[in-house]
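Read through the structure below, which is laid out as structure tokens, and then see the notes.
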Amino acid sequence: EWNKNLQGGRGAFKVVLKHIISQEEFTQVRSCEDIIRLNDQWNPEFIYVDQGYGHTQIEMIRKYGLEHPLTGLANKLKGIYFGDRMEIRDPVTKQIVKKHMKPFMVNLAVRRMEDGQVILPESEDIKNGLVGQIRDYTVIRTTALGQPIYSDENDHAIVAWMLSILGATMEFSDMNRQNRIATIGITGKFGEKSNPDFK
């Protein structure tokens, strides 16, 4: 969530829930059921998902949203494809520039952390926890065009977390209006983890 009262009134992103579907229990139907249940529980304004891993599930959830309009799922679910380029306005020059989606998302999360706008639970400061994943998330190489390629081992929770920050940033120009659950970020095969010990 984005909470305007944290950090002395400057506001901060705070992890309020991390939900993992283990590899053993993962199915397309189970992941969709969990997203629907989490939507009912939290009623987020938007849900950003990694489109590269779940196009079919996105369509299933949107169909459910059309059949159950009070859920809002037909409109609030947004698939993000990390290979895309997006247009944003440069804050200095005011010109429209194109940015590659994944580096933009990573840099946005880094900036939020550097600005002291992120609060992470101490319980996540373990090897397979979110803090551990942040420490292990590195650029392993760059492409011929200079685009970074990030490590992708054990990265589903961190990518979901970054999707949440991206969603809040993209959807709300004034983050201090009120406390809200900004987004639910979902990555991988809708939360599938390769490590069954990671809860």
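Here are the numbers for this structure:
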read-out: Of the DSSP H helices in the chain, those whose Cα atoms cover at least 15 Å axially and whose Kyte score averages 0.5 or more; value: 156-171
read-out: Under 11 Å, Cβ to Cβ, from Glu87 - net charge with Lys/Arg +1 and Asp/Glu -1; value: +2
read-out: Label-point separation in nm, Lys127 to Val139, each point 7 Å along Cα→Cβ; value: 2.8
read-out: Whole-percent carbon and sulfur share, accessible surface of the stretch 51-99, 1.4 Å; value: 52
read-out: Nonlocal Lys pairs with alpha-carbon distance under 23 Å, the stretch 1-130 (8 or more apart, or different chains); value: 18
read-out: Residue among Gly116, Gly146, Gly129 with the largest mean-square fluctuation in a Gaussian network model of the chain, springs linking Cα atoms under 10 Å; value: Gly146
read-out: Over the chain, volume per residue of the alpha carbon convex hull, in Å³; value: 134
read-out: Cα gyration tensor shape of the stretch 54-136, rounded if a/c is under 1.5, else prolate or oblate by comparing a/b with b/c; value: oblate
read-out: Per residue accessible area in Å² of the stretch 15-151, where ligands, DNA and RNA are left out and the probe is 1.4 Å; value: 61
read-out: Sum of side-chain charges, Gly65 neighbourhood, beta-carbon under 11 Å (Lys, Arg +1; Asp, Glu -1); value: +1
read-out: Candidates Ile35, Ile140, Ile20, ranked by Gaussian network fluctuation over the chain, Cα under 10 Å, top entry; value: Ile140
read-out: Most mobile of Met105, Met162, Met113 in a GNM of the chain (Cα contacts under 10 Å); value: Met113
read-out: Computed over the chain: relative contact order in percent, which uses C-alpha pairs under 8 Å that are six or more apart; value: 34
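The values are calculated or read from the model by the stated rules, or taken from the named source; none is laboratory data. A quick note: this is a predicted structure, and the numbers were derived from the prediction, not measured. When we count neighbours, we look across all protein chains shown, and the Cβ atoms used for this are built from the backbone with ideal geometry, even at glycine. The area values use the complete protein model at the heavy-atom level, side chains included, leaving out ligands, DNA and RNA. Shrake-Rupley method; radii C 1.70, N 1.55, O 1.52, S 1.80 Å.
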